[in-house]
Every structure is written in C-alpha cells, then in structure tokens.
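Written below as structure tokens is the structure these notes are about.
Laboratory data are not the source of any read-out in this text; all were calculated from the coordinates shown. Note that this is a predicted model, so its numbers are computed, not measured. Every residue, glycine as well, gets a Cβ built from its backbone with ideal geometry; the counts of neighbours run over all protein chains shown.
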Amino acid sequence: MVSTRRGLPGRVEIDAGRRTVDATVVARVAALPVAALAELRCPATWRSVQDILAVRSRLAAEGRRLADELEPVIGAAGPGPARPALVALRRALYNARRPAARAWPVDVGPALGPRVADWLADLDRHDTLVRRLPDLLDEERRSTYEALRRWAGTDAFGQGVLQAGPAMSAALRQWLDGPPGGVPPRQVALRLTRYLARVVAKTSPHATFMMAALGRWSDDGAPVRWDGPWAWRSAVEPNVPLLLRLLTDLARADDGLADLFEVRPNPSLHEDDGRLWYVTGQEDAYTGIAASEPLRRLVCPTCDDLRARAGGALGRLVELGVLELHPPVAAQAAAHLAELTERLGTHPVGKALSAAQEALARYPDAARVPEREALRRTVRSAFTALAGDDPDRLPDRNLFHENAVVTTPGPRLGLAAWRPALGDLHAITDFAAVFDRDGVARLLAADLFAEWFGAGAQVPFGRFHRTLAERTHRAVPGTPAGELHALMYPWQDPRPPGPAPAVPRLDKLRQARTAALAAVRGLLPDPSDPLTIDPAVLADIAAGRPAFVRPVGSLSCFVQTSGPPDATPVRLVLNGLGPGYGAMRSRVHRLLRVAGVPAGDNRPAGTGRGTPVEISGLFGSNVNLRSPVAAREIGYPGVAPSRRRTTTPAGGPTGAASASRATFDLRDLAVRHEPGALVLEHAGDGIPLMPVYTGMVAPMLLPRTARLLLQLFGDLPSPVTELASVFSRPPESVPARVVRTGRVSVGRVTVARAAWYVPVRDIPRRGKGDSAAAHLLALAAWFAEHALPERCFVSSADPGAPVRERLRLARLAKPTYLDLADPALVTLFDRGLDTSGPVVVFRELLPDFEAATALGMDGGRHVTEYVVEVNHD
C-alpha cells in the first residue's frame, strides 16, 4: 500500500529516509501520436540520400587508395606520352571526380585496371542516384500531403490551430474543403507541418495541442497505466486580464458602471514617519504623501462606504493609487463572466458579458471549426461593447483561451517501479541547492538588514522595502548592496560586475559552488563520452556545502520515461525544474473544474517553512489562473482578493484575532531578523509566513514587490545556471568548431542530453538557385561528418549576451523538432537560421519516440511528460 507521510497530507513516502513526493502527478500528453510525424517522412528519399553518402564515402576511400597505388606506375611510365594521362587519372581518383576522356582508359596494369573500372561503376551509380533524387523527393513529398491532410483534419489539431492562428485556420479549412488529393499552397504546407511537429513532438500547452490530467501513485506493478476509454474536453476561459482592464477603462467614463465597482484602500497603504506610503500594482517603488488627519480618516480600511466619504476626491485618489477601484469580481474567481453578469445586472455591459458567457459555454461542445468560428465572432462582438469608441484596442486573437483536459481517469504510476528514479530526483534536487541564486540574495539581505536596522530588529515590510530600494539601486558594484541588486535584478542592471564583496558566508558559498562544479566536471574524463554518476557520489558532494545552504522545500520535476514503456524500474529524462507547492496541480485542477470535470478538492500546499500565504494576482496573464493552494492570501495592490478581509487602520495596531483572517494585506506584514536569516511575519501575531506563488508566468516577469517577497521570503528554484549545464560543458563563447557534449545521468535519471554546439556560420545553407535535393544532400553530408543524429531538437544560443536580454535568450532557447527525412522540416530549419543566435544547439531525441506512451484514444503512442513534485521540507 502506498505510504502517506503523517502530518503532511497529500505526500507519499518513497523510502525509509522519509523522502516524499506529492501524491498527485500531473500528466501532459501531446494531442497527436508520434505516427503522425512518421507518416510525413520521405523514407525512400532518405534511403537514397544515405546510399549516395555511402557511395561517396566508398569513392573517397577507394579513390585515395588507388591514387597511392598509382604512384609507382606513374614513376615507371617515365616521361613518355602515358605519364600525363596517369597523373590526371591519379588526381581524379584522389579527389573522387570523374577522369577526363584523355585520362581513361589508360594502361594501369592488370591489378589496378579492374579496380579502377569498379570505382568508375560506383561513380556512375552515384551520379544516377543524384540525378534521380530531385524527382524522387518531389514525388514522395507530394505523397505526404494526404497524411498531412488527415492529421490536420483531426479535431484536436483543427481546434488548436483556430486558437493559435485564425488566418492559418482559414487557409487550412479552404484546403480541407477542397477536392481530395489537392495540394496545399507551399507556405500553408510548411506552417501546418510546423504546427504538427509542435503538437506531436512536444507537450505544448497551447489550446488543444496538449491534454492535461491528474494522476496518482499506486501499488500497481505497471510503471504507467491509463484506464480507458480515453476522452478529453476543452476548458475555455475568457482573457481575464483583458476583460478587467476593459471594464476598468470603461468605468472611467460610465458613472453607472463605476458605481457597481468596489472601492478599497490600497492594501499596501501604511503610515510611517508622518507620511502615508503605498505601492501601486505596476509599481517600481513606494510613494509617500503627507498624512493629514482627513486623509487618515478617509482611507481607514475598517470604515464602510469609502465611495461616499471620498466624494469628489474619489477619482483623484484612485488616479494616485491611494484608493483602488475594482470590478466586482475576484482575480481568482471560479467563473468571472458568470459573477460579473450577476453583479452588473441590467447594465448594458452585463448584457454583453452574458452573451460572451453563453458563447463560451457552448464553445467546447462545438466540434466543427465553422461553428467555433461563429462563436468567436459572438465573443468579439461582446468584447467590442466593452472597448467603447475604440474597437481597435481589442487584439486580433486571444479574447479567450482554450486548454484541453482529460475527462477520463488520469494515469496510475506504479510507485515500486518509480521509486529508484524518484530517489535519484531527490539526490539531484538536493545537490542543486548550492547553485540557487535566491539563497545568496537571502544571505546578503539578512546581513544588510542587521547593518541598517540592527540584529534581531523587526520593521514593517514597507519600510524594509523602501530602504532596500534606496540603498541598493545605486550601490557600487562589488559591495554587498550592489551584489544584492545584481542578484535580484540581473536583467535590469547594465553595470559591469565588480569584485565579489567580502562576506564570509558568501565566500563559503562560492567556494562550495566552485568545489561542487569541479567535482562533477572531474567525473567527465572526456566531455563527449556518456557518463552515469552514482547518486551516492552526488550526495557526498552535496554534503560538503555549508550548513546554511538548503534545498528548495518543494519543486516540480518535469520528466519523461525513457526506454521500453513497460521496463522496470523506470528510467527518466529530466526536462527541467519549476515551482512546487502545488503549482502545476493547481492550474490543472482549475482547468478540470472549468471543463466541468469532477476534480475533488485541491489540497493546500504543505510546508514546514512557515504558514503559506498566496500571491494570487494574475499579473497580466491567464496562465496565472489556478485553484488556491493556501488558506490565506496576500492582499496585493491592484489585485481583487478572493475573500473579504477585515484589516487594521493604516499604521494602527493589529489584534490577535487577525490570525484567523483569510487575507493579510501588505500593510500587515513585517520583517524580522534572525541570525543569518530574515523572517516575514504577521506584524501583530508574529506568525511566520512563506509567500507562495503558483502561477505559470516566470517570477522574473512579476512586479517588483512580488518578486521581492518570493526571492527573500519564498521558496522557488532560482538556479544561477541551467542544471544540464552543471553536468556538461557547454562552450562559454561561440566555438570555432563543432563541440559535442555527452549524455550525463545520475542513477536512473538523465540530467543532460548529448548535444552538439555549432557556429551558425558552419551550417550548410540553401543558396539561391539550389534545389531542395541538393541542399538536403549537403546538410545530410554535414550531419554525417559530425555524427549528428538525423532526428533531434534544435535551439540556439548567444553565449556572453547580457542577462537583461532574457526574453530574446528565452526565445532562442526554445527547441524545435528536426527530422532530415521530412523535407518541410528541413526547409523550416534552414529558414530558422536567419533569426538564430550565433550558436546552434542540436540535442539528441531522448526519449526516442518508441518510448512514447500507448494511449487508448487512437491506438497510437503519444509523447507524455509527467510533473512530479519533490519535497525537501
């Protein structure tokens, strides 16, 4: 029976050492089977390419042997008329070229004559294959269009393309509605292939390109078991940030609508040193205004009817950010349109939202794309009513978002089969703690706090925030304050780094990080050879770090099973790490409820590191919508809270009863110094708090105050370098030649795939006037020369680029699938090099498609990724 750890519900023990994982596993399933890409290959063409390359290899090797053996024949021929012909023949053989008519036939002796004739016959075969290749490629490529048509016509693909690109969807419908056997326009075929590769080879979360499910651990012997029959459904949500922004803008000119909005004091508003301080939702720093008695009475959080008491000053106070005006719906409401429709009543906006709600409710059951397109127009018409006199403010797409969830039971993962690999994941994530950036920031912040306020002191969070901003923003690089600023805002600081500050604990941490990296790299005698590291060795390396370095308490491991599907114990490939504490689970849980699928209760985040308090804002993105994971939330500026609160006056006392409140405003928070650490707590009750953020937007893209809360008091993974780079040796600058790094595993978990780093200038390009066949031959020959796999994932990089270019670097690092046997993918790859970084990275296809999961939905195998939450607290 699966063992659940006492005191921490929802966690499953994996060994006697009481290491645990979350009881729920998120499964992310590619919408179409790997067979779809297999059917787009041109196998005969690719065999012919391989034959040509094999003949070329033989011609080169045998030609050079024959050229060497001709040397004595040329010497024996003397200065007579045969010598120039023999020399020309030798040159042709050495360079694998057809000899001129004067060079052959020529007498080379009975031993060499037949071999030269065989070599020339091989050359004839090569030329015939090359001559036939363009027609073969063209014929076979045309034969793949029927497969493209069939897979592009599936519901999951068609509905996903409608969301991803309406114009592309229209072109697809035009082709599908045409006569069978029709050939799509070339650009349409290329874009469809790009989408199809995205749908099949990766678990892309966009629209219906991927299905998400919640799985669980079991005592079954099978590593992975999906109980049929398989079914899925769309989960449709309005673009909530856009909706709230349109409503707020409209309320500025519509008093009737504004009267239905909720007014509240800014939750960060507090009095300090005779001024009222607050920070806005899009803030950069705190703002202070004089704290007059009338203003104190006006913004009292416990007072009712703020609208009436503010009177004519309401608009100005809202403009300043002292008061906030919110549409009458919480940021994390279960059904935004339904709640707004009910609360706005008979107002015209309420009627428009009702029409949008009805259309979106019908959308998942609309199987045909034309019907969905009509519903999209209805939603656009409703949103146009919110845009007022400027409908151009509406984006061309994404007025609502669609995801797909599995409506039948999710997978059951055999704990016995997974247990060894889960133990290895624990060892890997524990080792990674020494490379955590936020851990360094916390050490520096604690030391600076003691310097500014005194050891053991406690100050309001707002005062700490202001002091931190003032004293680090322009701090000299190389000082502790300058180092802290660089750590917290590496993408914003254009200043060159200074010498490392002399902070004893930081020195120990740097030494431990250097020693850990050297120890791992020391295990790689040849960077290109595969390596398996014993997890115990990794644990020994981690044991040498300072005691104050601790791993993240909970983090998500994105993994795929590798090897034969039924093999036990399982082998895993680690794709990446992300936030834990129910982050992925809470998003899928919400989507299941949106789709009307029973999902049960979403368990709270378990933590031994303080009471979890959730930052629940959307911060401009629908992917931050999720089910709550904490019983309390932080009242954040610009965010309508999920629960009503009772708070204390700005700067006033806080009673013990506040411990049971559902929401802690920023004004309620304080920062206390402990030896070597800072603690965030409720100011009146001293309850230690740990901010939890489970949205899908990267923390670096959050507003400054949210980032500060998470970096200094939260518990998120923040590696200084990609984990795979720790276990391999990627080039630190643009290499002069192809650099290969080998596959590295820790126990049964692969942490770094084999990779090839290539200067983009070295990759053969298709020149103007070159045929597709000629380019394919050149590219295939180059791949063979450097032993690159014919199927792989491709990304690019810009070594040495400033960290502040994070968005461009993230785009470059996004991998795409390449198969040399698919001519459309080869064309897309060549075009992609136009916008590539200076280094192109090829990574092995691991796991191979043969390891994909067999599902009952279409009888095929689907690429599947599992999100396993590993706990260290």
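Axis angle, to the nearest 10 degrees, between helix 82-94 and the longest C-alpha principal axis of the chain: 20 degrees. Distance between the 7 Å Cα→Cβ label points at Thr514 and Asp601: 5.2 nm.
Fully extending the segment from Ala61 to Arg97, taken as 0.36 nm per residue of separation minus the present Cα-Cα distance, adds 11.7 nm.
Calculate, for Ala361 and Asp392, the FRET efficiency according to 1/(1 + (r/R0)^6) with r their C-beta to C-beta distance and R0 30 Å; round to the nearest 0.05.
On the way: r = 28 Å, r/R0 = 0.92.
Rounded to the nearest 0.05, the efficiency is 0.60.
One Cα centroid belongs to the range 233-273, the other to the range 374-406; the line between them spans 18 Å.
If you stretched the chain out fully between Arg368 and Trp782, how much longer would it get, using 0.36 nm times the residue separation minus the C-alpha to C-alpha distance? Please report the intermediate quantities before stating the final value.
Values: separation 414, 0.36 × 414 = 149.04 nm, distance 4.50 nm.
Here the answer is 144.5 nm.
Here the label points at Asp273 and Arg83, each 7 Å from Cα along the C-beta direction, are separated by 9.8 nm in the simple model. Farthest toward the positive end of the dipole of the range 256-414, out of Leu298, Gly345, Ala258, is the Cα of Gly345, where the dipole comes from beta carbon charges about the Cα centre.
Applying 1/(1 + (r/R0)^6) with R0 = 45 Å to the Cβ-Cβ distance of Ala736 and Ser381, what FRET efficiency is obtained, to the nearest 0.05?
Values: r = 59 Å, r/R0 = 1.30.
FRET efficiency, Ala736 to Ser381: 0.15.
Toward the positive end of the charge dipole of the chain, with +1 on the Cβ of Lys and Arg and -1 on the Cβ of Asp and Glu, the farthest Cα among Ala147, Ala285, Ile74 is that of Ile74. Each of Tyr866, Tyr195 was scored by other Cβ atoms within 10 Å of its Cβ. Arranged with the fewest first, they read Tyr195, Tyr866. A Cβ-based charge dipole, computed about the Cα centre of the chain with Lys and Arg at +1 and Asp and Glu at -1, lands at about 860 debye. Of Lys508, Lys814, Lys768, the sequence from fewest to most neighbouring Cβ atoms within 10 angstrom is Lys768, Lys814, Lys508.
Restricting attention to the chain, close to 80% of DSSP beta bridges with both partner residues there are antiparallel.
May I ask you to compute the full-extension gain from Asp107 to Asp305, defined as 0.36 nm times their residue separation minus their alpha-carbon distance, rounded to one decimal in nm?
Details: separation 198, 0.36 × 198 = 71.28 nm, distance 11.03 nm.
Between Asp107 and Asp305, full extension yields 60.3 nm more.
Counting only DSSP H runs of at least 4 residues, each contributing -39500 (n - 2.57), and dividing by the residue count of the chain, the helix-based mean residue ellipticity at 222 nm comes to -12500 deg cm²/dmol. Only Lys, Arg, Asp and Glu carry charge here, each on its Cβ (+1 for the first two, -1 for the last two); on that basis the range 350-488 has a dipole of about 340 debye about its Cα centre. Using a cut-off of under 16 Å, list every residue of the range 79-108 whose amide N is near the label point 7 Å from the Cα of Arg131 along the Cα-to-beta-carbon line. Backbone N within reach: 98-99.
The distance from the alpha carbon centre of the range 117-137 to that of the range 743-777 is 27 Å, rounded to a whole number. Hey, how many Å between the Cα centroid of the range 148-222 and the Cα centroid of the range 429-489? So the two Cα centres are separated by 47 Å. In this simple spin-label model, placing a label point 7 Å from the Cα along the Cα-to-Cβ direction at both Arg47 and Asp259 gives a separation of 8.0 nm.
Placing R0 at 45 angstrom, the Cβ-Cβ distance between Arg437 and Asp848 gives a FRET efficiency of 0.85 after rounding to 0.05. Angle of helix 583-594 to the longest C-alpha principal axis of the chain, folded into 0 to 90 degrees and rounded to 10: 80°. Please list, or write none, the lysines whose alpha carbon is within less than 30 Å of the alpha carbon of Lys768, excluding same-chain residues fewer than 8 places away. In chain and number order, the partners are Lys814. To the nearest ten degrees, helix 43-77 and the longest principal axis of the Cα atoms of the chain are 40 degrees apart. For a modelled paramagnetic label at Thr532, 7 Å from Cα along Cα-to-Cβ, the residues of the range 545-587 in reach, with backbone nitrogen under 14 Å, are 562-564, 568-573.
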